[in-house]
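Worksheet: one structure, shown below.
Bear in mind these aren't lab numbers, they're just calculated from the coordinates by the rules spelled out. All values reported here derive from a predicted model rather than from experimental measurement. Every residue, glycine as well, gets a Cβ built from its backbone with ideal geometry; the counts of neighbours run over all protein chains shown.
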Amino acid sequence: MTGFYAGFDVGGTHVSGVCIDRKLSMVKGGRTDFPDKRKKGSVMKDISVLVSELCDGEKISGIGMGVPGPVRDGVMLWSCNSRFMEKTDFKKMLRKWNSNVSVDNDVNCMAFGEMTERKVKNLLAVTLGTGVGGGIVIDGRIHNTRPYAGEVGHMSIDPHGVKCTCGARGCFQEYVSTRGVMVLSMKHLSEKLAPDRLHYMASRGDRAAIHVWEDYGKLLGTGLSNLANILDPEVIVLGGGISGAFEMFEKEMNKTMKKRLHMKPPEVVKGKDDAVAFGAACMAMKA
Ligand SMILES: [Zn+2]
């Protein structure tokens, strides 16, 4: 059996894709950023163009796609950060290119890919970006039989805390997403700077930016401790744009987890680039 597997990561602001062979090596990839004013029609067109670029004229044996919300039968049911894509039937769309199609929540895809590559059986994947998502692997199986499982971003870490985009208060997401970083930026630098900028400043020794990431590590460590207490994973893999600043918040995150957990804390690592697209392709391979 020859042929490649294509995997796509549909995010709130971009779509990226990879093509891998059966040995999990990447053969090609691509990415398209959506325009600032996103509309469903133009976004779907951008996605189609990238799928064509990677799949047309290739021996494709399956296509996988990760989308930013819970999925049932290939339809994204809900997305608090990408409302414009809700109720889209991504499976139907991909069938134009191939009959072997799998669509799942983006973080489930990432968790599946990391499990496949790291050869572990119990793993938690958490993405840190515009929103915060979770993917759970227990005994070598992705926990996706119920569409809303793994929505770790909406676990509350403060019942009287800030209001989340979902309407509830104190959600983990509001503290460790891009919005959470900006709140810390306001506290320490009196201006709302983006995570990338704060990462750069902290790496150059800016004390205020370093404090942002220390506070961030404590908040992240608190939420990850709750999850570790429930799931006891062998490894926690972090993805999403903010995970790029991993070395800036790693120390405080680990310290907090050590303080809060009565068992040896799980290893927390940064995931691979293109983890969602890679995992989506792995899912198509196993389908
Ligand atoms: Zn929430």
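So here's what we get for this one:
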| item | result |
| --- | --- |
| Highest average packing first - 5-16, 205-216, 31-42, Cβ atoms within 10 Å | 5-16, 205-216, 31-42 |
| Computed E for Val27/Lys96 - FRET, C-beta separation, R0 22 angstrom, nearest 0.05 | 0.55 |
| Rounded if a/c under 1.5, otherwise prolate or oblate - the range 38-139, Cα gyration tensor axes | oblate |
| The range 121-270, Cα convex hull volume normalised per residue, Å³ | 104 Å³ |
| Electrostatic dipole magnitude of the range 9-117 [Cβ: Lys, Arg +1; Asp, Glu -1; Cα centre; debye, to 20] | 420 debye |
| Highest to lowest packing among 92-100, 106-114, scored as the average C-beta count within 10 Å | 106-114, 92-100 |
| Theoretical gain in end-to-end length, Phe84 to Ser203 [0.36 nm per residue, Cα-Cα removed] | 39.2 nm |
| For the chain: span of alpha carbons on each principal axis (Å, largest first) | 52, 42, 36 |
| Nearest 10 degrees, 0 to 90: helix 246-260 Cα axis against the chain principal axis | 70 degrees |
| Beta bridges per DSSP with both ends in the range 121-270, % antiparallel, nearest 5 | 55 percent |
| Positive-end residue, the chain charge dipole about Cα centroid, Cβ charges, pick of Gly64, Leu189, Val27 | Gly64 |
| Cα-centre dipole for the chain with unit charges at Cβ (Lys and Arg positive, Asp and Glu negative), debye to 20 | 340 debye |
| Charged-residue dipole, Cβ positions (Lys, Arg, Asp, Glu), the range 176-287 about Cα centre, Debye nearest 20 | 280 debye |
| Fraction of antiparallel bridges per DSSP, the chain only, in percent to nearest 5 | 55 percent |
| Charge dipole (the chain, unit charges on Cβ, about Cα centre) - positive-most of Asn98, Ala6, Met201 | Asn98 |
| Prolate/oblate/rounded call for the range 230-287, Cα gyration tensor, a/c under 1.5 rounded | oblate |
| Order by protection proxy (mean Cβ within 10 Å, highest first), peptides 139-152, 116-129 | 116-129, 139-152 |
| Taking the range 121-270 and dividing mean pair separation by its residue count, relative contact order in percent (alpha carbons under 8 Å, at least six apart) | 24 percent |
